[in-house]
Amino acid sequence: MGEIERLVPSGLVEQWAMHLRRQRSRAMDAIWLIDSGFTVHDGRDGVPTEDATARYRAEQAEVIAEVSRLIEQYDAINLRQSGEEPE
């Protein structure tokens, strides 16, 4: 199937980019907390049953990597269209 061209308002794209940046920031904060000694536990009825810190940290690292790739693509397209040089 071929590409379908769709017009997406620039304001909506800007909102997505801002959301991605916030998500990356939250993930970075979570990793900082874990690296500073905080832990995350799975549990039931408020009783921790399993330490989930390593799994959660790995998930947040993946969020950072994926969002960074998307933001790099977004910035490259916008910088190319505006004629600016990447930093």
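The values are calculated or read from the model by the stated rules, or taken from the named source; none is laboratory data. These numbers come from a predicted model, not from an experiment. We place every Cβ from the backbone using ideal geometry, glycine too, and count neighbours over all the protein chains shown. When the accessible area is computed, the model is the full protein with side chains, heavy atoms only, and any ligands, DNA or RNA have been set aside. Shrake-Rupley method; radii C 1.70, N 1.55, O 1.52, S 1.80 Å.
Between TRP16 and SER36, the modelled labels are 3.3 nm apart [label points 7 Å from Cα along Cα→Cβ]. Accessible area per residue was computed with a 1.4 Å probe on protein heavy atoms; HIS19 scores about 100 Å².
Of LEU12, LEU33, LEU70, which is the most mobile in a GNM of the chain whose springs link Cα atoms less than 10 angstrom apart? Answer for the Gaussian network model of the chain: LEU12. Here is the list for segment 2-54: chymotrypsin sites (Phe, Trp or Tyr not before Pro) lying in DSSP coil, each with at most 13 other C-beta atoms within 10 angstrom of its C-beta, are PHE38.
Roll a 1.4 Å probe over the protein chains and send me the accessible area per residue for the chain in Å².
84 Å²
In this structure ARG55 has an accessible area near 120 Å², from a 1.4 Å probe over the protein heavy atoms. Using label points projected 7 Å from each Cα along Cα→Cβ, tell me how many nm separate ILE71 and ASP45, to one decimal. It is 4.3 nm.
Can you compute log10 of I(q)/I(0) for the chain with the Debye formula, treating each Cα as one identical point scatterer, at q = 0.20, 0.21, 0.22 Å⁻¹? Values returned for q = 0.20, 0.21, 0.22 Å⁻¹ are -0.98, -1.03, -1.08.
Using the rule -39500 (n - 2.57) for each DSSP H run of four or more residues, divided by the residues of the chain, the 222 nm mean residue ellipticity is -23000 deg cm²/dmol.
A 1.4 Å probe over all protein chains sorts SER10, SER36, SER68 by accessible area into SER10, SER36, SER68, starting with the largest.
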